Amino acid sequence: MGDVGLRRLYMAKSMEELNKQIHEIPKASTKRLTNAAQKVLKEAQAVDKSKDEEKAYVMYMRYFSIVSTIQRDPDYRKNKKYYDGLLDPKMTSNVIIRAEDLQRSLSRRYDLTKDAINAEKLEEKKASEKLEQAEKEKQAKKAADVAKTANRAVTNGLIDDDGFISCKKLYSLMKEQCSSYMILDARPSEDFSESHMSLPSVINIPEEILHLGLTAGRIGNGLEDPARTQWILQRHKVDYLILVDWETENLPLPLPLESLTDAMMKWDPDNKKYKSRPLVLQGGYDMWQLMYPMHTTNPKAGRKTTSSVKHQESVLLNFEYPDLDKAFLVTPSPSPQQHQTGQVDTRTTPAALPSVNRNLKPADVEELMDGKNNNNNIISPRVFNDTAAPEGSPVKVPLSSKVNNLDNKESSKTTDYQKNRSIPQLQEKVDNTPSVPSRSLKPRDLLANLAAKKMEMEEEQELLEQSMKVEEDTLKKIEEMEATTTQRETALDEQSRAHLQQTEDRLQEEIDKLQAKSSEMEERYSKIHKQNEELWKMINQVLSGQLSGMNLPTAKPDHDTEAQLQKEEQENLQKQEDKRRAMQEQVERMRRERKEKEKKLKEQAEKERMMNERKARGTEREKHHPEERRSRVDGELRPHKTKGSSGDTYTTKLRGSPRSSPVRGGSNLKRSHSAFNLSQLEEGDDMMSTGNLMPSFDRGLKPLVAPQRRNINAARQRNFEPKYGSVPRARSGLKNLGNTCYMNSVIQCLNNTTPLVKYFIEGTYSDDINPNSKYRGEIAEEIGAVIRALWCGQYRSIAMWDLKTAVGRNHKPFQGYDQHDAHEFLIKLMDWAHEDLNKITGKKPPMKEQNHDDLPDNVAGEKVIDELRRRDQSIFCSLFQGLHRSNIICGTCGHRSLTFEPFSVLSLSFPSSNRCALKDLLHHFYKDTNIDYKCSKCKKLRNCIRKLDIWRLPPILILHLNRFEHDVLMRKKQNFVDFPLEGLDLAKHTGIRNRYTNFDLYGVSNHYGTMDGGHYTGFCKSSINKSWYKFDDHEVYELSRDSVKSSAAYLLFYEASNMNVKVSKII
């Protein structure tokens, strides 16, 4: 019971092997070793809580080794109290006690595992010896059988000396993989579904469809995909065809295997030669299941059905051919007794008519209704059937039987003339059959009537497929419309805008035509579906057995074939109904999606119109009041005045002040980054000369109808401590507030993310502030204020005091002035900003457990995307969130488990310690991996293969190069990664066609140094002049393209090449 919840053993098989993973401690300073010991202890305690005993033991022993190394150092003896304060001796003793406990537990678990392995090997050895003995006995028996039939060269189409293949040879054939093969399992379909070989190229040729005289083409028609495809494409290409039933060991072959062999060797209409004659698996599936249970889907399964098919000797065609010359000379009249019994006394007949055993004739369900469409089929061989249904029976017998029955009722002196007269009457009855099947029909006849309506059902299904195609085309046109609208809004010249407007008009016309076509097809489908509604209702009743008399009778020996055909027809109807419902649901979903996008387009057009009106009114107002524009720009960004200073003197605090960051080494000289705000001095002079201005109102302006901006913290003054100076847009630096270079680097990269900048500068973000966010919209407001300050072009540098305070309030480690990871800061900042701007303001619905085993991938993917949209909708989801598809395939039964996982940053590890390219890291990330996973079908922990690819790519892709190793000393990998500046193609890593697959680099966050100390910078590409710049805290330099790539690259920011968004106006 103590092992419950512990992680399974995976690092070693014994304590000796595990102790080898406790590496020697490299030489380093005592201080560095002390820092490493603290980090290792922290990680060991975290791993211990997760119940990973192996890793916890290794980490505790590493900690003990580091402490022992420190205690042997001379520096430790000199400053023992200092180091004991950092490394608590009590903690060291506790670590030793815990390591000893883990060692005892692991030793016991290793011993149990070893005993289990030895017991398993012993069992395998005994089973192998038993199987070898059984194999020897069977080989001897086979030799005796072969000796008996040595004089026969060929038996049932198989050569005697090599007509069988043993299970061992098949297993060797599978392992060597030097020859191709296909296994044809001729057991009943129910037995095959319960358990079959877990090998490649195994298909089921059901025993139910195998009978003498069967052709290879007819076998293919009786199979379902994908078995039908494999049968058609592979049977002539493989080196070996292997036939399997339950237990055949020697000749003669049973009827199913004989029929299957004859169909391929004698009756194959494809006129292609087989590479070899079929081989029969000796001992059948029973022997394979006994010898190799690990290569079966269910090793404990037994026979579900009892075969009713005997050997060839027991099958006789029970009919005889008449003498045609004598048969048509005299037409005998049936006696009164024959009228009653419905039987003909063949002893008084000059020549007996053929007597057909219906148990041997495969009835075709559609054959019963062929008379309605083809008059030539009315007179068929069944006209010679000499049995008829009792009078008044609701059973609808074949037309030929009705001919005999009606003739018998007319007169005992039936003539050929009277028989011929009855045929058109019956044909007329068939033509007048109602469109809806009669409820009085029994299952077989009802199924036949439904089959006659196949054309109508296929027409309805075809209309569904056409509707799906129209909806797909409409959605594509709407997406093109959205992209064109975005390009038109960001176009700089009037000519481009006019050209894009023409494209929009053309797309709108095409969308209108598609909408009209969709409405027309929807109306047609409703009409056809209404006509077929009664038909589908009866199909559902047939499938559920709700109609009177729908329960099929128990199959007797004389009706096995007929009952089987009814069952197959019911299964076909069920599949057709399921397919129709799935297509109907998909079309309805696509229609809803199309209508939602149309609604969004209308709302966007209306919003654009209102914004244009608002901007026009604002421009008119600013023409009359220019001072209003100037005060709005400086009100938020105005610096603090020094107490006691005059009204026209502005200063900022020096680096040595308590509010500023400490100087990191170097010269003791300090310089001020303060400067006079000349524009504010001029404004101040004007104010003093003119005095106080009276407020003026423009009564002609009407109140705006647009939603009012939600100002949480936007109106208050911020302490940016700016250094004034005219600079190009987005070329301002960020002051270091004390080891805050990790923040500065990330913010500069986000500040060059064009769609995000446009969103914050135009102020539309304020309409999306989530009133229920636990961060109260503060993070989004501070990001917006920083971006507007960096793009205003008035400051050489600013300080992000307010953003740092807000970030530290939500994550205490960010409050101080320690170094932090830029990747960690980016993830948390994006999460906080997303919560502030999430349009889902109410309670989020929980994510359902994913179970997509029976759904197509595209349907399952859309289902997950819809769930995510119901929880999260923000600019950060739209720009940065992608979706992974994960397939986990069981190595035992082949079952596939499908899941989808969202991502915002891809964290790539290094496959080697050498120089590598970004494509190598991506290949390493998306390669197939072996994992231990509990198969949902086997219900056991299995070795599985995990296949990962990208289902949906975002327009902004962030890649994290994971350079930091979590070993003893927490070292950093300094590998040089060759990454492309343009044209990063991710198409081969995607599962389906994506809108964004080609990406261009626009930002890099660099880390120089080690884990103990380092510095972050940012390289960003300007969206205005396409030049590269280096952002080193408050300093900004132009950078050559050749200098962008370096071994310090840590975070890579890529944007889709076909995303054309520009910041057209600064507010």
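Okay, here's what the table says:
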| quantity | calculated |
| --- | --- |
| Residue list for region 999-1042, restricted to those being surrounded by 17 or more Cβ atoms within 10 Å (Cβ to Cβ) and of a type in the set (Lys, Arg) | 1021, 1030 |
| Condition met for residue 503 (hydroxyl-bearing (Ser, Thr, Tyr) and either open to solvent by 40 Å² or more (accessible area, probe 1.4 Å) or within 15 Å of residue 604 (Cα to Cα) (or both)) | no |
| Selected residue (criterion: modelled with the highest pLDDT) from residues of region 983-994 that are assigned to a loop (DSSP other than H, G, I, E, B) and surrounded by 12 or more Cβ atoms within 10 Å (Cβ to Cβ) | 986 |
| Unmet criterion (only one of (1) under 26 Å from residue 796 (Cα atoms); (2) assigned to a strand (DSSP E or B)) for residue 1000 | (1) |
| One residue from 1008, 1050, 1054 being closer than 25 Å to residue 785 by Cα and either over 37 Å from the mean Cα position of the chain (by Cα) or modelled with pLDDT of 95 or more (or both) | 1054 |
| Checking residue 860 against (1) touching a Leu at 6+ places or on another chain (Cβ under 7 Å); (2) not in a helix (DSSP H, G or I), the condition it does not meet | (2) |
| Selection status of residue 950, closer than 24 Å to residue 824 by Cα, among the aliphatic types (A, V, I, L, M), touching a Lys or Arg at 6+ places or on another chain (Cβ under 8 Å) and outside any loop (DSSP other than H, G, I, E, B) | yes |
| When residues of region 456-500 are limited to those that are touching a residue at least 60 places away in the same chain (Cβ under 8 Å), open to solvent by 60 Å² or more (accessible area, probe 1.4 Å) and within 25 Å of the chain's Cα centre (by Cα), the one nearest to residue 1058 (Cα to Cα) | 479 |
| Condition broken by residue 943, with the remaining ones in (1) part of a strand (DSSP E or B); (2) more than 27 Å from the chain's Cα centre (by Cα); (3) more than 25 Å from residue 903 (Cα to Cα) satisfied | (2) |
| Qualifying helices (runs of 4 or more DSSP H) (wholly inside region 730-845; at least 3 residues being surrounded by fewer than 22 Cβ atoms within 10 Å (Cβ to Cβ)) | 754-761, 778-791, 801-810, 822-837 |
| Test: residue in region 220-240 that is in contact (Cβ under 8 Å) with a residue 60 or more places away in the chain and within 40 Å of the chain's Cα centre (by Cα) | yes |
| Region 910-930: number of residues that are of a type in the set (Phe, Trp, Tyr) and in a helix (DSSP H, G or I) | 2 |
| Per-region count, region 19-71, residues polar (S, T, N, Q) and within 23 Å of residue 81 (Cα to Cα) | 9 |
| Any hit, region 183-197, residues being among the charged types (D, E, K, R), in contact with a Leu (Cβ under 9 Å, 6 or more places away or on another chain) and within 23 Å of residue 937 (Cα to Cα) | yes |
| Residue check, residue 333 in a loop (DSSP other than H, G, I, E, B), within 45 Å of the chain's Cα centre (by Cα) and either of a type outside the set (A, V, I, L, M) or modelled with pLDDT under 50 (or both) | no |
| Helices (runs of 4 or more DSSP H) contained in region 227-306 and holding at least 3 residues touching a helix residue (DSSP H, G or I) at 6+ places or on another chain (Cβ under 9 Å) and open to solvent by less than 20 Å² (accessible area, probe 1.4 Å) | 255-265, 284-291 |
| Those residues of region 926-961 which are of a type in the set (S, T, N, Q) and open to solvent by 80 Å² or more (accessible area, probe 1.4 Å), in sequence order | 930, 943 |
| Selection count, region 185-208, where residues are in a strand (DSSP E or B) and without any contact (Cβ under 8 Å) to a residue 40 or more places away in the chain | 3 |
| Helices (runs of 4 or more DSSP H) within region 35-123 that include 2 or more residues open to solvent by less than 60 Å² (accessible area, probe 1.4 Å) and of a type in the set (D, E, K, R) | 53-71 |
| Condition check for residue 70: hydrophobic (A, V, I, L, M, F, W, C) and more than 49 Å from the chain's Cα centre (by Cα) | yes |
| Hits in region 815-850 (condition: without any contact (Cβ under 8 Å) to a residue 12 or more places away in the chain and in contact with a Ser or Thr (Cβ under 9 Å, 6 or more places away or on another chain)) | 815, 831 |
| Residue within region 87-100 that is in contact with a helix residue (DSSP H, G or I) (Cβ under 8 Å, 6 or more places away or on another chain) and within 15 Å of residue 18 (Cα to Cα) present | yes |
| Check on residue 1050, aromatic (Phe, Trp, Tyr), crowded, with 17+ Cβ neighbours inside 10 Å and either within 23 Å of residue 738 (Cβ to Cβ) or touching a His at 6+ places or on another chain (Cβ under 8 Å) (or both) | yes |
| Residues satisfying the stated conditions in region 986-1001, i.e. farther than 28 Å from residue 1041 by Cβ and free of Cβ contacts under 8 Å to residues at least 40 places away in the same chain | 993 |
| Residues that are open to solvent by 80 Å² or more (accessible area, probe 1.4 Å) and touching a residue at least 40 places away in the same chain (Cβ under 8 Å), drawn from region 1-23 | 7, 8, 10, 13, 23 |
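The values are calculated or read from the model by the stated rules, or taken from the named source; none is laboratory data. Note that the structure is a prediction, hence the values are computed from the model and not measured. Glycine gets a Cβ as well: all are built from the backbone with ideal geometry, and neighbour counts include every protein chain shown. Surface areas here come from the heavy atoms of the whole protein model, side chains and all, with no ligands, DNA or RNA. Shrake-Rupley method; radii C 1.70, N 1.55, O 1.52, S 1.80 Å.
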